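Have a look at the structure below before the remarks.
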Amino acid sequence: MSEHATSTDVLVIGGGMAGLAGALALRANGADVTLVERAPEFGEVGAGLQMAPNASRVLKRWGLLEKALEIGVQPKHLVFRDAVTGEELTRQSLGGEFEERYGAPYVVIHRSDLHRVLLEACQEAGVRLVNDVFVESVETVDGRGVAHTAAGVDYDADVVIGADGLKSTLRRLVANDEPVGSAYVAYRGTVPITESTPRTDLEDVIVYLGPDCHLVQYPLRKGKLLNTVAVFKSASFERGEEQYGGVDELEAAYKDCVPAVQDALKNLATGIRWPMYDRDPIENWIAGRMVLMGDAAHPMLQYLAQGACQALEDAAVLQDASNGTVFTDDGVDPAAWDEAIRRFNELRAGRTARVQRTARIWGESWHVSGLARTLRNLLFKSRGDGNFQYNDWLYGQEGEGIPAAGRTESAAKVPA
Ligand SMILES: Cc1cc2nc3c(=O)[nH]c(=O)nc-3n(C[C@H](O)[C@H](O)[C@H](O)COP(=O)(O)OP(=O)(O)OC[C@H]3O[C@@H](n4cnc5c(N)ncnc54)[C@H](O)[C@@H]3O)c2cc1C
């Protein structure tokens, strides 16, 4: 256990979904956990988040699914439409057989709500949460990770989890790479659902696929809010203009789309846009006693709606890899961290690389035009509801790197 305030069993850097999930998972194993976050307050900006069953299974094993469902929505279907004609291309029913097959529901939730659920769970479990700490570097000294902060205070721990997101500072310890821009940008927005909101598809996740653009809509907060995300190829972003390209550019991108899509643009908050980046997969996430997770390890384009889902999977697999090795009936064995993080990295790198690569290809198929669009639509229409062949690898309960559905018995107890 810690001897002074900056010494801990586990130090987590970054208080996004990945960091909070990692902190919670290791605390549940019995670790003394400190999480540091550079922002003055914990929180999330943005709108909705889709939680597929591979992630809601993790929430379930941590006893948090009920809380998520209290404020989220279980959509009835995932529906793809052609944005130019409005024609339905394919649909997946998300209840019944789907939920049974994957062992948990498909949930859509406001990201600030999910973040709060994880934050409160960390607080209740006794994770030490510290704001206003910017970590500049981590080194391993005598078998302990030492994090050097901008304020000049060092934190040391048996293991350091680098969960510092897409623009990770810690990733530089393992890779000499940069985020890859996709030329696409997103605008997001939530508006109240009222009597005048068009009734169509209000209980579904609906994705309109258009040339160089798409639009996603789904309900949030028990059906009180409508979430809209518009993603399109932005000439101004390609020219290097990081910020807002103007409503003109947004409207021009959707000019060939059906009125339902054009009308939905009014729901967007146009003051801020999110450029879409990912990185190429890397095999090694470990430097000494520092290991990456979440977007720091495997940032991906959002087309499969899996970035946060994969972060939750990371946390559960790290929980299992360190349970019974680092955390045993006899107490904590810090020396076992080397093997635990190696095993975690080995199990997770292949799976997340596949998700990263598939997200790129999946996104490309959404944005095609001409003959490619005709062929895409034919392929989508040939797929019947209840055909799980494209979902099993991602949402399925078995496979390398997929966390066990049930919680493994913790070897150590969380101190009261
Ligand atoms: C438009 C869009 C839609 C998306 N939709 C979905 C979806 O439907 N489903 C899904 O699963 N995923 C989705 N994602 C992806 C998801 O949002 C991310 O994968 C996820 O939020 C990443 O979490 P993270 O904790 O790894 O990183 P972040 O959320 O970036 O958190 C990193 C944290 O680390 C802190 N930090 C950074 N550097 C330091 C430092 N040096 N010292 C201390 N603290 C530091 C930051 O302040 C931040 O709080 C979407 C993404 C986008 C852009």
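Surrounded by fewer than 24 Cβ atoms within 10 Å (Cβ to Cβ) and farther than 23 Å from Met17 by Cβ, is that true of Ala287?
Criteria not met by Ala287.
Scan the range 258-270 and give yes if some residue there is farther than 21 Å from Glu364 by Cα, within 15 Å of the ligand (Cβ to nearest atom) and hydrophobic (A, V, I, L, M, F, W, C), otherwise no.
Checking the range 258-270: at least one residue is farther than 21 Å from Glu364 by Cα, within 15 Å of the ligand (Cβ to nearest atom) and hydrophobic (A, V, I, L, M, F, W, C).
Looking at Gly86, Gly43 in this structure, which one is at pLDDT below 95, in contact with a helix residue (DSSP H, G or I) (Cβ under 8 Å, 6 or more places away or on another chain) and assigned to a loop (DSSP other than H, G, I, E, B)?
Just a single option satisfies the conditions, and that option is Gly43.
Quick grid of which residues meet (1) at pLDDT below 95; (2) aromatic (Phe, Trp, Tyr):
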site: Gln319; (1), (2): no, no
site: Phe344; (1), (2): no, yes
site: Gly350; (1), (2): no, no
site: Ala359; (1), (2): no, no
site: Ser365; (1), (2): no, no
site: Asn387; (1), (2): yes, no
site: Ala404; (1), (2): yes, no
site: Arg407; (1), (2): yes, no
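Could you list all residues from the range 200-244 that are crowded, with 21+ Cβ neighbours inside 10 Å and under 12 Å from Tyr184 (Cα atoms)?
Cys213, His214, Ala230, Val231, Phe232, Ser234, Phe237
Checking the conditions here, which among Glu313, Glu346 is within 21 Å of Thr140 (Cβ to Cβ) and in a helix (DSSP H, G or I)?
Glu346
Looking at the range 245-266, which of the residues that are in a loop (DSSP other than H, G, I, E, B) and modelled with pLDDT of 90 or more is surrounded by the fewest Cβ atoms within 10 Å (Cβ to Cβ)?
Our first condition is that a residue be in a loop (DSSP other than H, G, I, E, B); within the range 245-266, this holds for 245-246, 254-258.
Checking the rest, the ones that are also modelled with pLDDT of 90 or more come to 254-258.
Values: Tyr254: 22, Lys255: 9, Asp256: 15, Cys257: 25, Val258: 18.
That would be Lys255.
Give Leu49, Leu11 a once-over and let me know the one that is modelled with pLDDT of 95 or more, out of contact with any Ser or Thr (no Cβ under 8 Å at 6 or more places or on another chain) and either not in a loop (DSSP other than H, G, I, E, B) or not polar (S, T, N, Q) (or both).
Exactly one residue qualifies, and that residue is Leu49.
Which residues, taken from the range 41-55, are under 18 Å from Leu20 (Cα atoms) and hydrophobic (A, V, I, L, M, F, W, C)?
Passing the criteria: Phe42, Val45, Leu49, Met51, Ala55.
Mind counting the residues in the range 38-73 that are of a type in the set (D, E, K, R) and either more than 12 Å from the ligand (Cβ to nearest atom) or in contact with a Pro (Cβ under 7 Å, 6 or more places away or on another chain) (or both)?
Qualifying residue count for the region: 6.
So which of Gly294, Gly307 ends up being under 22 Å from the mean Cα position of the chain (by Cα), without any contact (Cβ under 8 Å) to a residue 40 or more places away in the chain, buried (at least 22 other Cβ atoms within 10 Å of the Cβ) and under 25 Å from Ala52 (Cα atoms)?
Result of the check over Gly294, Gly307: Gly307.
Pairs needed: first member in the range 372-386, touching a residue at least 60 places away in the same chain (Cβ under 8 Å); second member anywhere, assigned to a helix (DSSP H, G or I); C-beta distance under 7 Å; at least 6 residues apart or different chains.
Arg376/Ser365; Gly386/Glu97
Given Val180, Val205, Val174, which one is modelled with pLDDT of 95 or more, within 16 Å of Met300 (Cβ to Cβ) and among the hydrophobic types (A, V, I, L, M, F, W, C)?
Within the list Val180, Val205, Val174, the selection yields Val180.
Answer yes or no as to whether Val159 is within 17 Å of Val33 (Cβ to Cβ), of a type outside the set (Asp, Glu), without any contact (Cβ under 8 Å) to a residue 40 or more places away in the chain and not in a helix (DSSP H, G or I).
Criteria not met by Val159.
Among the listed residues Val185, Val180, Val191, Val207, which satisfies the condition of being within 10 Å of the ligand (Cβ to nearest atom) and either closer than 26 Å to Gly72 by Cβ or within 18 Å of the chain's Cα centre (by Cα) (or both)?
Only one candidate passes the filter, namely Val185.
Name the residues in the range 123-164 that are more than 14 Å from the ligand (Cβ to nearest atom) and of a type in the set (Ser, Thr, Tyr), would you?
Thr140
The values are calculated or read from the model by the stated rules, or taken from the named source; none is laboratory data. Given the structure is predicted, the values throughout are model-derived calculations rather than measurements. Heads up, the Cβs are rebuilt from the backbone with ideal geometry, glycines too, and the neighbour counts pull from every protein chain shown.
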